[in-house]
Amino acid sequence: MTVATSQTDRLGANPFVVEGPIVAGSGVPGPMFSLGTISWGSKESEWVYCKLVLASTTTLQPGQWFQWDRDYTATLLTTSAAVVGSRCGVFAGASQAPTQSGGPAQSISLAAGTYYLWLQRNGQAPALVSTATAALVVAETTATAGLANAPASATVSSKAIQGVNFQAANQTFTATTVNGSAVLSSLGGVTPEGGPFIGAAISGTGIPGSTTISSITYSPSGVVQSITMSANATANGTAITVTATGVLEATLMRPYISKVN
C-alpha cells in the first residue's frame, strides 16, 4: 500500500487515519476536510475524502472495496448495492487512537456511528479479491461486502469494476520461520507498496493451513521488518517460499462500476 507523503496545500491529510465517531458536542471536529477532497501521494496514488455511516460495529480491513455516491457517502461494495456509474476504491489501512483497536496500516474495528476516511482510487494498493487473474483490467463485485473478484471470465449478474489491474494471481516472498513462533523474519521480495498485506492467506513449509497475516512491523523509514501470522510455525526454516493470496497488489486507475455482467 502507498503512504501519502507528498500532499496538496491542504496540510495534514493522512489516509491512514479514520476520523470519528463524530458526535455532536463531543469536541471531536468533523469533517476536517470538504467531502470529495483529493490527497496525492507517491507512485501515482490518490485518495478521496468520504463519509462513512455505520449502523453496527464493523471491521475495516486493508483492501476492502467501497463505492461512493455524488455526495461522497461511502458504502462497502456488494453486487446488490453497487450502482452502475458509481466511483469505487479501496480502504488502504488505518492508524487509530489508543481508544480504538488497530495500528499502523492495519484492520480496525469501528462502533456504530459517523466517520470520515480516505479511500484510495489510484496507484498501487491492497485489494481484497477471492480470485485474481494476472493482467486483468476488469474486476467484478461479489455478494460479500468489500470483496471483489477478478476471474478469467465474467460472472453472470455480477457488476463489472472498470479500471483495475492485477499483475499476478498471487504473491510469493521468502522468509525465515521459527518453530512455535508466529513471526516471519529475514524477509525477501517484500515491499510496503507491493505487499504482502494484512489479511492475506499464506502458505509454505512450516506454515499451518488457513494461516493469515495478522500484522506487519515497519521500521521508522517504512521498511518491512517482520510479519506476524495468525498461527505459530510448525518447523524451523530459512528462506522458505511463502505464497500469499486473497489480498493482492492492484493498480487502481480511478475504478468505477461500468455495467451488469
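The values are calculated or read from the model by the stated rules, or taken from the named source; none is laboratory data. Since the model is a prediction, treat every value here as computed from it, not as a measurement. Here the Cβ is made from the backbone with ideal geometry for all residues, glycine too, and neighbour counts use every protein chain on show. The accessibility values were calculated without ligands, DNA or RNA, using every heavy atom of the protein model including side chains. Shrake-Rupley method; radii C 1.70, N 1.55, O 1.52, S 1.80 Å.
Condition first: open to solvent by 30 Å² or more (accessible area, probe 1.4 Å) and more than 18 Å from the chain's Cα centre (by Cα). Now tell me which residues in region 207-222 satisfy that.
P208, G209, S210, P220, S221
Just to check your reading of the model, which residue among V164, V178, V183 is touching a residue at least 24 places away in the same chain (Cβ under 8 Å) and touching a Pro at 6+ places or on another chain (Cβ under 7 Å)?
V164
What's the number of the condition S56 fails, among (1) more than 16 Å from the chain's Cα centre (by Cα); (2) at pLDDT below 90; (3) of a type in the set (G, A, S)?
Single failed check for S56: (2).
Applying the selection to region 108-135, what residues are surrounded by fewer than 19 Cβ atoms within 10 Å (Cβ to Cβ) and out of contact with any Ser or Thr (no Cβ under 7 Å at 6 or more places or on another chain)?
The first filter runs over region 108-135 and keeps only residues surrounded by fewer than 19 Cβ atoms within 10 Å (Cβ to Cβ), leaving 109, 111-114, 130-131, 133-135.
Across region 108-135, the qualifying residues are G113, T114, T131, T133, A134, A135.
Among G204, G194, G188, which is the only one that is within 17 Å of the chain's Cα centre (by Cα) and either at pLDDT 90 or above or small (G, A, S) (or both)?
The conditions single out G194.
Right, S258: under 23 Å from L147 (Cβ atoms), assigned to a strand (DSSP E or B), among the hydroxyl-bearing types (S, T, Y) and out of contact with any His (no Cβ under 6 Å at 6 or more places or on another chain) or not?
In short, yes.
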